[in-house]
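What follows is calculated from the coordinates using simple rules that are stated; it is not laboratory data. Predicted model, so just to flag it, every value in this text is computed and none were measured. Quick reminder, even Gly has a Cβ in these numbers, built from the backbone with ideal geometry, and neighbours come from all protein chains shown.
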Amino acid sequence: MKKQLQTLLYQSLEVLESDEVEVSIEKNDIKIEHTRDPSHGEFATNIAMLLAKKNKCNPRELAKKISINLPKTDFIEHTEIAGPGFINFFLSKNAYQSIVLEILEKGKKYGTSKAGKNKSTLVEFVSANPTGPLHIGHGRGAAYGAAICNLLKKTGYDVRSEYYVNDSGRQMNILTVSTWLRYMELFGEKINFPDNAYQGNYIKDIASELKEKYSDKFIFSNNKIFDNSSNQSSDEKLDTLIDLCMNELGEEKYGVIHKTCLNSILLIIKNDLCSFGVEFDNWYSENSLIENMELNKCISTLENKSWIYEKDGAKWFRSSKHGDVKDRVLVRENGQSTYFASDIAYHKSKFERQYKKIINIWGADHHGYTDRINASMEALGYPSKNLEILLVQFAALFRGKKKLQMSTRSGEFITLKELVTEVGKDAARFFYIMRKSEQHLDFDIELAKSESNDNPVYYIQYAHARICSVFRQMKEKNYSFIQIKKLSDLSVLDDTHEIKLLSSLAKYPDVIENAAISYEPHQLAYYLRELANDFHTYYNANQFLVDNDAIRNARLTLIDATGKVIKDGLLQLGVSSPEEM
RNA sequence: GCGCCUGUAGCUCAACUGGAUAGAGCACCGGCCUUCUAAGCCGGGGGUUAGAGGUUCGAGUCCUCUCAGGCGCGCCA
């Protein structure tokens, strides 16, 4: 409907332009917005105020000229000039009523658009290190990313989701050694388990798994391993331990433990995401970049283009040439490449896989990292404007008023799985996307648990359940229902509550598109709350199952359409729509 | 110290990305069930948008400074 108004306004402006007014504005730049106050009509535009400035004329007079030259149409009842020069559009009742037919005709396609032009899009999110189960902080990224994918799909983008698996590097080695130590414990070895190794109980589970599968295959005793007396720092001790462990076990055995750890934890992560309702199209392994030499190729490419220099025995990338505050190391003095190096190769692959729009969803603690990634893509000749890095602020965790410290290493964290078990998938998903992603989120577990019945998600689901219930009652009471197909049969829907509900239903496509292109799924959550409110109000004010066939059919058709929009909206957010509660 | 994010009702947050009288939910007060689910509806109180300047027809939104909180500034990932 906005598009139609834009066209009408543009036609009016064309008439004026041939007259005396200078109109330097594109049709799509004419801004039309839903009014906040119903007394201002349904839509409003500030076009007259913008053009009055350029033409140095009175905005209200210009507004009047524009509205007089608007082509006649049956869906606009009348226009008004208001305030400093707004043009307000009041729609005819037919315009509102026709929404119902549109919703039912389009079915699940209501709210979809082609704005994305089928552009191939990659959304990478979560990508937590496979060193432990997902915790509550990851949940926010998961819920947000999944909603972004759904919204972009509905807006006409060709979307694929991806999880980048950091299955290489020091953290994985620490995980491997932690597991091996627990394994040794199972054979009665007394271990002084290092503080900075992974403490979680899931490590012990993997150790048991190893023992079951491989029996005593990985046992060796070398007193140096359990000698804790050196005066190295704790990090150095851990690295020494890793080296010793690798040497004693040998590449093959060490590799088996490494792989077992990785697979067990990936399985945990996948299961947790599954019960959270989040699935990925692709899991991209960091290690694969190393094995198939993509990483080396990438570094050579940069070297050939003189983006790399050597200093202090390390290879540095000139990221400062492209906006970063300093240059960054790609290959360390000891010959090992950095995480950043493989990340360049990874992002290069995203461009090579022909994605036109690349979205990364990162925790806000990575914001210092965006400059160097952008710099690396520019250096490789890829436009960094095609790479959109969205930062999600941290979820600070509270139990009542007590702030909990979260650390994967120490094993002190609430897992996503625990959260889903405690508050339910629907409430958790909704809770996470309720607030803007750049807002800090205080996630109070006590509150989420104790108030789960007050959670707004139930309010919305309840509206859907009530609609289903009405149709159940209809059958029980032997009422008939014939879905209305003709606009004239909907003319009985002219009560203020009905018009309000129709008006909200009409906004749905705009809400979806706006939420998608601005990456703000919370807009949809707020919209659904309003829509549910409109329905509940209507429900309390009017009876649907009435004896008058014409009225009953019209009202049931309206609430049928309402239920479908609520269900579709919740689906985008990963929330279910129960038929009874 | 430098950079990024944030500061809106007692609490948790919105405000269609510069629009009209800043809105919801909790909490508080008062009404509504012999009628399709009261997990609901209706009404009420509650604000110097952290503070001070600036930009313009118009600022919670943009610019500058100050204050407060969070995060980041590795040859970690």
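Brief remarks on what is shown
- Subtracting the Cα-Cα distance of A:Asn129 and A:Ala396 from 0.36 nm times their residue separation leaves 94.2 nm of extension gain.
- Applying 0.36 nm per residue to the separation of A:Glu252 and A:Glu185 and subtracting their alpha-carbon distance, the gain on full extension is 22.0 nm.
- The reciprocal of the average 1/r between distinct C-alpha atoms defines the Kirkwood hydrodynamic radius, which for the stretch A:170-275 equals 14.2 Å.
- Sites matching GluC sites (Glu not before Pro) across the stretch A:162-201 that sit in DSSP coil, with at most 16 neighbouring C-beta atoms within 10 Å: A:Glu189
- For the stretch A:170-262, chymotrypsin sites (Phe, Trp or Tyr not before Pro) meeting the loop criterion (DSSP other than H, G, I, E, B) and having at most 16 other Cβ atoms within 10 Å: A:Phe187, A:Phe220.
- Residue-wise HN-Hα couplings along the stretch A:557-573, as the Karplus relation 6.51 cos²θ - 1.76 cosθ + 1.60 with θ = phi - 60° gives them from phi, are 5, 5, 6, 4, 4, 4, x, 5, 5, 4, 4, 5, x, 5, 4, 4, 8 Hz; Gly and Pro carry x.
- A:Glu105-A:Asn533 pseudo-label distance in nm [points 7 Å out on the Cα-to-Cβ vector]: 3.1
- Highest-first arrangement of A:79-88, A:139-148, A:363-372, A:478-487, where packing means the average Cβ count within 10 Å: A:139-148, A:79-88, A:363-372, A:478-487
- Vicinal HN-Hα couplings computed from phi for the stretch A:140-156 (Karplus, 6.51 cos²θ - 1.76 cosθ + 1.60; Hz; Gly/Pro x): 5, x, 5, 5, 5, x, 5, 5, 4, 4, 4, 5, 5, 4, 5, 9, x
- Length added when fully stretched, A:Phe340-A:Ser518, from 0.36 nm per residue minus Cα-Cα: 61.3 nm
- Kirkwood-type hydrodynamic radius, the stretch A:435-536: 16.6 Å, calculated from all non-identical alpha-carbon pairs.
- Its relative contact order, with pairs defined as Cα atoms under 8 Å and 6+ residues apart, puts chain A at 17 percent.
- Estimated vicinal HN-Hα couplings, Hz - the stretch A:289-296 in sequence order (Karplus 6.51, -1.76, 1.60; Gly, Pro = x): 5, 7, 5, 8, 6, 4, 5, 4
- Cross-link pairs exceeding 24 Å in C-alpha to C-alpha distance, out of A:Lys31/A:Lys53; A:Lys211/A:Lys253; A:Lys119/A:Lys564, comprise A:Lys119/A:Lys564.
- Debye log10 I(q)/I(0) for the stretch A:215-347, one point scatterer per Cα, at q = 0.13 Å⁻¹: -0.87
- Estimated Rh, the stretch A:2-91: Kirkwood, alpha-carbon pairs, angstrom: 12.9
- Over every Cα atom in the stretch A:470-581, the radius of gyration and the widest Cα-Cα span, Dmax, amount to 15.0, 47 Å.
- Descending semi-axes in Å of chain A, equivalent ellipsoid built from Cα gyration tensor: 56, 33, 18
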